[in-house]
Amino acid sequence: MHERNSVLELVTSLRGELDRYSPGGKLPSSRALVERFRVSPVTVSRAIAQLAAEGLVVTRPGSGAFRAQPRTELPAPGDTSWQEVSLSGDGGPEAVPRSVDASGVLITLTAPPPGVIEFNGGYLHPSLQPERALSAALARAGRRPGAWGRPPTDGLPELRSWFAREIGPTVAGSDVLITAGGQSALATALRALAPPGAPVLVESPTYPGMLAVARAAGLRPVPVPMDADGVRPELLADAFRATGARVFVTQPLFQNPTGVVLAPARRPEILAIARAAGAFVVEDDFARRLVHEDAGPLPAPLAADDPDGVVVHVCSLTKIASPSLRVGALAARGPVLERLRAIQVVDSFFVPRPLQEAALELVGSPSWGRHLGSVASGLKNRRTAMAAALRAHLPELALTHLPAGGGSLWLRLPATGAGTGTDESAMVSAALRASVAIAPGSPYFCAEPPGGHVRLSFAAVSGPAEIAEGVRRLRAARDGLLRPGGSAGGPGP
């Protein structure tokens, strides 16, 4: 982290000095920059590479770095109004026109401004990511014979076999397709299993990225309520009968956003209900490797006990390793596998081989087990710290379930005197003014939300100290909303 900060600081300094040089003028030598800024040669090399990537300098091997020629001005924008007409007819004769809306996903993908605590993040904090192990794995992968060649369209056989072993002994490597992360796998699965205009049953609440994928495919998400034991089987059966749906999407382990685990007694019942309806169950097993240190034994994936091919299983290495290690898997049995394969090939051809090779190197290294243990410990400590801070300083935010896996807490906002839920958008805005970013609950519902909710991530922050400060800022934001005028002043970082 220190090296990264040094590079950013040097880039900023050099960028500010470029006006001193005429186009084509030579910058100081690397040795001069090392002595002047008291940084390492590696820092200088990375800073110059960053400026070159921005088009501000040009490097010439053996000669040094030179200020680049000024960029030509971009042409004036043309008239794109025709696209409004073209895109408005995109749905054609479909009963449910496609709706492409990434707003719910961008809440957790967009990095907040400097100084804002990231309680809305969707990935592990850099201190929890295996950066050194990833760098070493990528370096080893690059030296593998054929590492930059064309991979098999289904994925490297060794990686498919590894995912199959992780899912369960009944799954073979030939049942697995390598995908560009879990989101891509969900998109492929939904497009393969349901035609445009069809209903798809989803847990309520559920992951906004899946809802966005479904709507972009022209599908109609239909909510099925949950309780503390997961989706309610009787309501799932009713939903299948009422809608004629042929797909149900579930996160049976540490569900996002609630964190609940599907109860053991319900697991075979859910599969039986889907089988009777002639429907598929898309199992999004995103959080299996985000288990906390104090969790008990984990249930096997639904796909591990599915002889009839009801389950299409989705998993990924992205959440546990790095946002940029976009390597995941789809597992299925029967004719549906060929349809999944066809859509995957048409959409992306294949996952880049260097990423697959790096993933193999990572999961096969001794550091992999140590990393999983470190994440389990780190997430438990962060979860415990956030829950304790909320109980002490924001007890009015109801935490109905303390998860043993995943990276966030799901909180219900208090009702007002009129019986309506607290305005979650006002809470989110007040929190941001107080320099803490949180995720509103409404994007997690595909129908009318039953009251206000917020989702707070503890995985995306550095540790208990930052959590304590974030909750302090949230308390200030909440107090500001309760004062006459309802404006929460920002205490600032």
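The values are calculated or read from the model by the stated rules, or taken from the named source; none is laboratory data. Here the structure is a predicted model, which is why all the values come from computation and not from measurement. Every residue, glycine among them, receives a Cβ derived from its backbone with ideal geometry; neighbour counts consider all protein chains shown.
If the requirement is being touching a residue at least 60 places away in the same chain (Cβ under 8 Å) and within 20 Å of residue 278 (Cβ to Cβ), which of these qualifies: 177, 236, 219, 211?
It is 219.
Which pairs turn up if I take residues in region 138-161 that are surrounded by 11 or more Cβ atoms within 10 Å (Cβ to Cβ) and look for partners that are of a type in the set (Lys, Arg) and at pLDDT 90 or above with beta carbon separation below 6 Å, at least 6 apart in sequence or on another chain?
151/353
Test residue 263 against the stated conditions and say whether it is of a type in the set (Gly, Ala, Ser), touching a residue at least 40 places away in the same chain (Cβ under 8 Å) and surrounded by fewer than 18 Cβ atoms within 10 Å (Cβ to Cβ).
Spelling it out, it is not the case that residue 263 is of a type in the set (Gly, Ala, Ser), touching a residue at least 40 places away in the same chain (Cβ under 8 Å) and surrounded by fewer than 18 Cβ atoms within 10 Å (Cβ to Cβ).
What's the number of the condition residue 206 fails, among (1) in contact with a Cys (Cβ under 8 Å, 6 or more places away or on another chain); (2) surrounded by fewer than 24 Cβ atoms within 10 Å (Cβ to Cβ)?
Of (1) in contact with a Cys (Cβ under 8 Å, 6 or more places away or on another chain); (2) surrounded by fewer than 24 Cβ atoms within 10 Å (Cβ to Cβ), only one is false for residue 206: (2).
Kindly provide the set of residues from region 447-457 that are farther than 21 Å from residue 290 by Cβ and crowded, with 22+ Cβ neighbours inside 10 Å, ordered by number.
Correct list: 452 only.
Quick one: what pairs do we get from region 110-129, first residue at positive phi, second small (Gly, Ala, Ser), C-beta under 9 Å, 6+ apart or different chains?
Here the result reads 115/435; 115/492, each pair linking region 110-129 to a residue that is small (Gly, Ala, Ser).
Among the residues of region 404-426, is there at least one that is over 20 Å from residue 210 (Cβ atoms), assigned to a helix (DSSP H, G or I) and either touching a strand residue (DSSP E or B) at 6+ places or on another chain (Cβ under 9 Å) or without any contact (Cβ under 8 Å) to a residue 12 or more places away in the chain (or both)?
Checked against the condition, which is being over 20 Å from residue 210 (Cβ atoms), assigned to a helix (DSSP H, G or I) and either touching a strand residue (DSSP E or B) at 6+ places or on another chain (Cβ under 9 Å) or without any contact (Cβ under 8 Å) to a residue 12 or more places away in the chain (or both), region 404-426 yields at least one hit.
Here's the yes/no breakdown for (1) surrounded by fewer than 22 Cβ atoms within 10 Å (Cβ to Cβ); (2) touching a residue at least 24 places away in the same chain (Cβ under 8 Å); (3) charged (D, E, K, R); (4) on the phi > 0 side of the Ramachandran plot:
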| residue | (1), (2), (3), (4) |
| --- | --- |
| 171 | no, yes, no, no |
| 229 | yes, yes, yes, no |
| 243 | yes, yes, no, no |
| 247 | no, yes, no, no |
| 252 | no, yes, no, no |
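What's the number of the condition residue 367 fails, among (1) in contact with a strand residue (DSSP E or B) (Cβ under 6 Å, 6 or more places away or on another chain); (2) assigned to a helix (DSSP H, G or I)?
(1) is the only condition that residue 367 fails.
Evaluate region 348-356: report whether one residue or more is of a type in the set (A, V, I, L, M, F, W, C), at pLDDT 95 or above and either out of contact with any Leu (no Cβ under 8 Å at 6 or more places or on another chain) or in a loop (DSSP other than H, G, I, E, B) (or both).
No.
Please work out which one of (1) surrounded by 16 or more Cβ atoms within 10 Å (Cβ to Cβ); (2) modelled with pLDDT of 95 or more is the condition residue 388 fails and give its number.
For residue 388, the failing item is (1).
Check 96, 105 and return the single one that is among the aliphatic types (A, V, I, L, M) and either at pLDDT below 60 or outside any helix (DSSP H, G or I) (or both).
Going through 96, 105 in turn, just one is among the aliphatic types (A, V, I, L, M) and either at pLDDT below 60 or outside any helix (DSSP H, G or I) (or both): 96.
Looking at region 332-339, is at least one residue part of a helix (DSSP H, G or I) and in contact with a Pro (Cβ under 7 Å, 6 or more places away or on another chain)?
no
Being within 22 Å of the chain's Cα centre (by Cα) and among the aliphatic types (A, V, I, L, M) is the filter here; which residues of region 344-354 pass it?
Within region 344-354, just 351 meets the criteria.
Where residues in region 341-380 are among the β-branched types (Val, Ile, Thr) and farther than 12 Å from residue 128 by Cα, which of them is surrounded by the fewest Cβ atoms within 10 Å (Cβ to Cβ)?
If we take residues in region 341-380 being among the β-branched types (Val, Ile, Thr) and farther than 12 Å from residue 128 by Cα, then 346 is surrounded by the fewest Cβ atoms within 10 Å (Cβ to Cβ).
Across region 434-493, which residue is modelled with the highest pLDDT among those that are among the aromatic types (Phe, Trp, Tyr) and part of a loop (DSSP other than H, G, I, E, B)?
My answer is 458.
Which members of region 113-127 meet the condition of being outside any strand (DSSP E or B), more than 15 Å from the chain's Cα centre (by Cα) and surrounded by 11 or more Cβ atoms within 10 Å (Cβ to Cβ)?
Hits for region 113-127 are 116, 127.
Please verify whether region 407-429 includes one or more residues that are more than 22 Å from residue 112 (Cβ to Cβ), surrounded by 22 or more Cβ atoms within 10 Å (Cβ to Cβ) and not assigned by TED's automatic domain parsing to the domain that holds residue 199.
No, every residue in region 407-429 fails to be more than 22 Å from residue 112 (Cβ to Cβ), surrounded by 22 or more Cβ atoms within 10 Å (Cβ to Cβ) and not assigned by TED's automatic domain parsing to the domain that holds residue 199.
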